[in-house]
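Only the coordinates and a few stated rules stand behind these numbers; no lab work does. Just so we're clear, the structure is a prediction, and the values are computed from it rather than from any experiment. Cβ placement follows ideal geometry from the backbone for every residue including glycine, while neighbour counts extend to all protein chains displayed.
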Amino acid sequence: MQYEKNSRLTVKRDGKAIYDIVLADSFAGLPKELETLNPAGRKACVVTDSNVAALYLCEVTDKLSGCFRIVTSYVFPAGEENKNLDTVRGVYEHLIVNRFDRKDLLIALGGGVVGDLCGFAAATYLRGVDFIQIPTTLLSQVDSGIGGKTGVDFDAYKNMVGAFHMPKLVYTNLAVLKTLSEEQFSAGMGEVIKHGLIRDRDYYDWLTENRDAVRARDLDALHLAVQESDRIKREVVEIDPTEQNERATLNFGHTLGHAIEKLKNFSLLHGHCVALGALAALKICEARGLVTKKDVTDCEAAFASYGIPTRVSGISADEVIRATKNDKKMEAGVIRFILLDPVGHAYIDRTVSEEEMRRALAYITVPEQ
């Protein structure tokens, strides 16, 4: 399968363009992309975390300062544990003190935590202000930065408080992926591979065939991987912007993955937990005759080849099952599960039993070493 590079994907709703996803290899083109937002008379606040601020805040604010009337920044400590309402409160206070009004906007500079939190602040400050996404991790470039799902964690419950609020622009600088740790990069690949599994078998095969170039972070290979993942997510979001039906298929691997993530106290990265959940879901599919045993072992090998863990220790199947019942994907007391029939096509299933989950979890859980 051959793919052609595209630098722009447009997300539409009811046939009308909502925003563009721009793929670039630097921040140089950012000012040009902002022109359609009429920035000259507006204020902008860059919301970021302490890790990203040290790498890119100065460069990005320098690009923005020639566009907006005033540019401020709000930096919070990095980490999932800070994706909460207390941090959002800090953003609100910053905006109020600096007299941001409804014509001003926020800029999310960072990974999924930053994007989700900044987007939620934008959705709720003054009942909604504009925001743009500048995703700096692979996971945020292919998943959380696209589609307008925003939110924060509440106590131990992931993304329990949130809103749908579409960005005005997603500006993706692929070169920043070269600064990611191997662990962060492999976590992003968990979501990338998931996209192929749920919607495009050819793309899934391309990812396995071009593993060496992608893992080497060759910019051409990264461009195509991010582009095709973004294309898949765009297609699903356009069909179902507020997750009433089709968009739920993007949650393949998330039902069990979120439970694992919570039980491990967020010590495992989100993309790794999604991959573990996806493997367990594939075992359910195999038991139902929807995929073959080879499909499962091939997927496990694909995850492993990108440095993604395929086993988890220190938790039991029963603990995971109990945790799924507190997930927001529950509907009228029934777990909404995403399965494949076959690889490359996902569907929503509401009949997965606890015993099916228990057998599947036995495949990915191992005793504490």
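For the charge dipole of segment 263-353, defined by +1 on Lys and Arg C-beta atoms and -1 on Asp and Glu C-beta atoms about the Cα centroid, which residue among LEU290, THR310, ASN265 has the Cα displaced farthest towards the positive pole?
Looking along the dipole axis, the top candidate is ASN265.
Defining a contact as two alpha carbons under 8 Å apart and six or more residues distant in sequence, what relative contact order in percent does segment 8-179 show?
Worked out over segment 8-179, it gives 24 percent.
Connecting C-alpha atoms closer than 10 Å in a GNM of the chain, tell me which of SER144, SER181, SER229 has the biggest fluctuation.
Checking each option, the largest mean-square fluctuation is seen for SER181.
Can you tell me the relative contact order of the chain? Whole percent, Cα pairs under 8 Å, sequence separation 6 or more.
15 percent
Excluding PHE100 itself, calculate the net charge of residues whose Cβ lies under 14 Å from the Cβ of PHE100, where each Lys or Arg counts +1 and each Asp or Glu counts -1.
Taking every Cβ under 14 Å from that of PHE100, the sum is +3.
If you place +1 on the Cβ of every Lys and Arg, -1 on the Cβ of every Asp and Glu, and leave all else neutral, what size is the dipole of the chain about its Cα centre, to the nearest 20 Debye?
Computed charge dipole of the chain: roughly 820 debye.
Just name one of MET160, LEU174, LEU219: the one whose Cα is farthest towards the positive end of the charge dipole of segment 158-220 (beta-carbon charges, Lys/Arg +1, Asp/Glu -1).
Going by the charge dipole, the pick is MET160.
Once each part is reduced to its C-alpha centroid, what is the distance from segment 340-369 to segment 40-99 in angstrom?
If you average the Cα positions of each part, the centres end up 40 Å apart.
Below 8 Å, C-alpha to C-alpha, sequence gap of six or more: please give me the relative contact order for segment 182-366 in percent.
28 percent
So, with +1 on the Cβ of K and R and -1 on the Cβ of D and E, and no other charges, what is the size of the charge dipole of segment 8-179 about its Cα centre, to the nearest 20 debye?
Approximately 640 debye in magnitude.
Taking GluC sites (Glu not before Pro) as candidate sites, keep only those in a DSSP loop with at most 14 other Cβ atoms within 10 Å, then name the longest stretch of the chain containing none of them.
5-367
GNM, the chain, Cα, under 10 Å: largest mean-square fluctuation among LEU126, LEU207, LEU340?
LEU126
Helix check for the chain. Which DSSP H runs span at least 27 Å along their own axis by Cα, with a mean Kyte-Doolittle hydropathy no less than -0.5?
219-239
Run the quick spin-label model on ASP25 and ARG311: label points 7 Å from Cα toward the beta carbon, then report their separation in nm to one decimal.
Label at ASP25, label at ARG311, 4.1 nm between them.
Evaluate the distance, in nm, between pseudo-label points positioned 7 Å from the Cα of ASP205 and of GLU93 along their respective Cα→Cβ axes.
5.6 nm
Using 0.36 nm per residue, how much length does the chain from ASP220 to THR179 gain when fully extended, once their Cα-Cα distance is taken away?
Taking ASP220 through THR179 to full extension adds about 13.1 nm, to one decimal.
Hey, how much of the P(r) for segment 8-179 falls beyond 26 Å, as a percent of Cα pairs?
Looking at segment 8-179, the distances longer than 26 Å represent 19 percent of pairs.
Can you tell me the length gained on complete extension of the stretch VAL366 to ALA17, counting 0.36 nm per residue apart and subtracting the Cα distance?
120.9 nm
Residue-wise, which Karplus ³J(HN,Hα) couplings in Hz belong to segment 24-33, taking 6.51 cos²θ - 1.76 cosθ + 1.60, θ = phi - 60°, and x for glycine or proline?
Each residue's phi maps through the Karplus curve to give 9, 10, 6, 8, 4, x, 4, x, 4, 5 Hz.
As a check on your grasp of the helix formula, calculate [θ] at 222 nm for the chain: sum -39500 (n - 2.57) over DSSP H runs of n ≥ 4, divide by the residue count, round to the nearest 500.
Roughly -12500 deg cm²/dmol at 222 nm, from the helical runs in the chain.
If r is the Cβ-Cβ distance from LYS5 to ASP341 and R0 is 41 Å, what FRET efficiency results, to the nearest 0.05?
The pair LYS5/ASP341 has a calculated efficiency of 0.80.
Which ³J(HN,Hα) values in Hz, rounded to whole numbers, follow from the phi angles of segment 36-45 under the Karplus curve 6.51 cos²θ - 1.76 cosθ + 1.60, where θ = phi - 60° and Gly and Pro get x?
These are the phi-based 3J(HN,Hα) values: 5, 8, 6, x, 3, x, 10, 9, 10, 10 Hz.
Quick one: go through segment 152-185 and flag any residue whose amide nitrogen is under 18 Å from the point 7 Å out along the Cα-to-Cβ line of ASN265.
From segment 152-185, the list is 154-158.
Does segment 240-369 come out rounded, prolate or oblate by the C-alpha gyration tensor, with a ≥ b ≥ c the root eigenvalues, rounded set by a/c under 1.5 and, if not, prolate when a/b is larger than b/c and oblate if not?
Rounded.
Search the structure for amide H atoms under 5 Å from the amide H of ALA163, placed 1.01 Å from N in the peptide plane, and list their residues when 5 or more places away or on another chain.
So ALA163 has HN proximity to THR150, GLY151.
Extending each Cα 7 Å along its Cβ direction at ALA304 and ALA163, get the distance between those two points in nm, one decimal.
About 4.6 nm, to one decimal.
Can you compute the charge dipole magnitude of segment 182-366 about its Cα centre, using +1 on each Lys and Arg Cβ and -1 on each Asp and Glu Cβ, nothing else charged? Give it in debye, rounded to the nearest 20.
Here the size comes out at about 580 debye.
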